[in-house]
Amino acid sequence: MDANGQQSYGDSSKNENWPTYGQNAIAVADGTVVSVLDGLPERVANALPSDTNVQNASGNHVILYLGQGHYGFYAHLQPGSMKVRVGDRVKRGQVLARLGNSGNTTAPHLHFHLSDGMGPLSAQGLPYVIDSYTVKGIGVSVSEQGKVTMQPLAQQ
């Protein structure tokens, strides 16, 4: 969100007006690419698609096998942005694709989770630790127009 609590710039129905759109999706750890789906269309932002089914819910995606029965799942990627193919070995931090708005989604974002299998709906999710992040503010309320009031954190 920006300083005014807006999640997008200008016309929020356009994917390119979201700061997340086109950002790199990177490998969370070393692994092997076990599944890639590409070619599903982008959705219109701020509109829930009416044709969602089990086959297209995750949109364009990449699944990594991370070892010890753990899989990393990256969904809602831009069509045509895949940088990897099934069988590729990847290193932590390597770009896999770009964030988009494909599948069952209302705005450009990355859906990421770890699981004990390749099926996005049939596998069990696994807990994981994010080793670092930066908090820039806290959303404290949402107005009727969908604007989030931000409260900046004190500098430490």
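The values are calculated or read from the model by the stated rules, or taken from the named source; none is laboratory data. Everything quoted here is computed from the prediction, not taken from an experiment. FYI the Cβ positions are ideal-geometry reconstructions off the backbone, even for glycines, and counts take in every protein chain you see. Protein only, heavy atoms only, side chains kept; ligands, DNA and RNA dropped before computing areas. Shrake-Rupley method; radii C 1.70, N 1.55, O 1.52, S 1.80 Å.
Roughly speaking, to the nearest percent, how much of the stretch 4-60's 1.4 Å accessible area is carbon and sulfur?
50
Residue by residue through the stretch 70-87, what is 3J(HN,Hα) from phi via Karplus (6.51 cos²θ - 1.76 cosθ + 1.60, θ = phi - 60°)? Round to whole Hz and write x for glycine and proline.
Those phi angles translate into 10, 10, x, 10, 10, 10, 6, 7, 5, x, x, 9, 5, 9, 10, 10, 4, x Hz.
Based on the Cβ-Cβ distance of TYR9 and GLN68, what FRET efficiency does E = 1/(1 + (r/R0)^6) give at R0 = 41 Å, to the nearest 0.05?
The value I calculate is 0.50.
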